[in-house]
Amino acid sequence: MRRLVVLLVLALSAAGCSEGPRLKPLSADAVVLAFGDSLTYGTGAQESESYPAQLEQLIGRRVVGAGVPGEVTAQALARLPAALEEHAPNLLLLCIGGNDFLRRLGNRQAEHNVRAMVKLARSRGIEVLLIGTPEPGFPVTPPTFYGAIAEEFGLPYEEQVIGEVLKDASLKADPIHPNARGYRIIAERIAGALKQSGAL
């Protein structure tokens, strides 16, 4: 009996540890706004092969792709209010920062702007899933500030998929952009994160 109780406690502890931040379930008519730069736009593939387009097929919800190639976080922050107003999303998928890193604008500025975008969305009652963008070089991993922001706001955070795709030459159209297969993997990983967080 004692052994059974111990096993039950361990199982409950493990379940609690893997729970992670939760999102509200997305209704059938919910709008998801995928917001970012060229990785969201789908540079390197056809429009129908971008990660937002492929994600829409996977989750059966409307996913609006709002990516602007070359955009830095300061420009994205200035653009976000109008995008939120226009599309009135239930959920924001935020994937931004790579151009700050490529242009060496400093992680402090990127962190400030990403945090401001999260705060803006949350202030309007819009939930956020954060997607980390890796810095150039090795290892291909996002700066730690993404994880810190996710923890601060209790956000689901997809940390690894962009880096994993960009480390695999067979999944890239050029040195910094995925191809259609790469975007498919990103869409699948985000769909998985949405399911794990309770959105689907």
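In segment 132-152, what residues are crowded, with 17+ Cβ neighbours inside 10 Å and part of a helix (DSSP H, G or I)?
Hits for segment 132-152 are F145, Y146, I149, A150.
Could you run through segment 88-108 and say how many residues are open to solvent by less than 40 Å² (accessible area, probe 1.4 Å) and in contact (Cβ under 8 Å) with a residue 24 or more places away in the chain?
The total comes to 12.
Give me the pairs, please: first residue somewhere in segment 154-175 and closer than 18 Å to V114 by Cα, second residue anywhere and assigned to a strand (DSSP E or B) and of a type in the set (F, W, Y), beta-carbon distance under 7 Å, and either six or more positions apart or on two chains.
none
Only one of V128, V118 is touching a helix residue (DSSP H, G or I) at 6+ places or on another chain (Cβ under 8 Å) and part of a helix (DSSP H, G or I); which?
Selected residue: V118, the only one of V128, V118 that is touching a helix residue (DSSP H, G or I) at 6+ places or on another chain (Cβ under 8 Å) and part of a helix (DSSP H, G or I).
Among the candidates E111, E56, single out the residue that is outside any loop (DSSP other than H, G, I, E, B) and open to solvent by 60 Å² or more (accessible area, probe 1.4 Å).
Step by step, each of E111, E56 is checked, and only E56 is outside any loop (DSSP other than H, G, I, E, B) and open to solvent by 60 Å² or more (accessible area, probe 1.4 Å).
Scan segment 131-150 for residues that are without any contact (Cβ under 8 Å) to a residue 60 or more places away in the chain and in contact with a strand residue (DSSP E or B) (Cβ under 8 Å, 6 or more places away or on another chain) and jot them down.
Within segment 131-150, G132, Y146, G147, I149 meet the criteria.
Is it fair to say E85 is modelled with pLDDT of 95 or more, out of contact with any strand residue (DSSP E or B) (no Cβ under 6 Å at 6 or more places or on another chain) and surrounded by fewer than 21 Cβ atoms within 10 Å (Cβ to Cβ)?
It is true that E85 is modelled with pLDDT of 95 or more, out of contact with any strand residue (DSSP E or B) (no Cβ under 6 Å at 6 or more places or on another chain) and surrounded by fewer than 21 Cβ atoms within 10 Å (Cβ to Cβ).
Being open to solvent by 10 Å² or more (accessible area, probe 1.4 Å) and farther than 20 Å from A191 by Cα is the filter here, so list the residues in segment 117-131 that pass it.
Within segment 117-131, K119, L120, R122, S123, R124, G125 meet the criteria.
Failed condition for Y146, given (1) touching a Pro at 6+ places or on another chain (Cβ under 9 Å); (2) more than 22 Å from P25 (Cβ to Cβ), with all others met?
Among (1) touching a Pro at 6+ places or on another chain (Cβ under 9 Å); (2) more than 22 Å from P25 (Cβ to Cβ), the lone unmet condition for Y146 is (1).
Across segment 160-188, what is the total count of residues that are part of a strand (DSSP E or B) and surrounded by fewer than 18 Cβ atoms within 10 Å (Cβ to Cβ)?
The total comes to 3.
Any idea which of (1) touching a Gly at 6+ places or on another chain (Cβ under 8 Å); (2) surrounded by fewer than 24 Cβ atoms within 10 Å (Cβ to Cβ); (3) more than 22 Å from L26 (Cβ to Cβ) is the one A76 doesn't satisfy?
Unmet for A76, out of (1) touching a Gly at 6+ places or on another chain (Cβ under 8 Å); (2) surrounded by fewer than 24 Cβ atoms within 10 Å (Cβ to Cβ); (3) more than 22 Å from L26 (Cβ to Cβ): (2).
Looking only at segment 59-73, which residues are closer than 26 Å to L200 by Cα and either open to solvent by 20 Å² or more (accessible area, probe 1.4 Å) or touching a residue at least 40 places away in the same chain (Cβ under 8 Å) (or both)?
Within segment 59-73, I59, G60, R61, R62, G65 qualify.
The values are calculated or read from the model by the stated rules, or taken from the named source; none is laboratory data. Since the model is a prediction, treat every value here as computed from it, not as a measurement. Cβ atoms come from the backbone with ideal geometry, glycine included; neighbour counts cover every protein chain shown. These area figures cover heavy atoms from the full protein model, side chains too; ligands, DNA and RNA do not enter into them. Shrake-Rupley method; radii C 1.70, N 1.55, O 1.52, S 1.80 Å.
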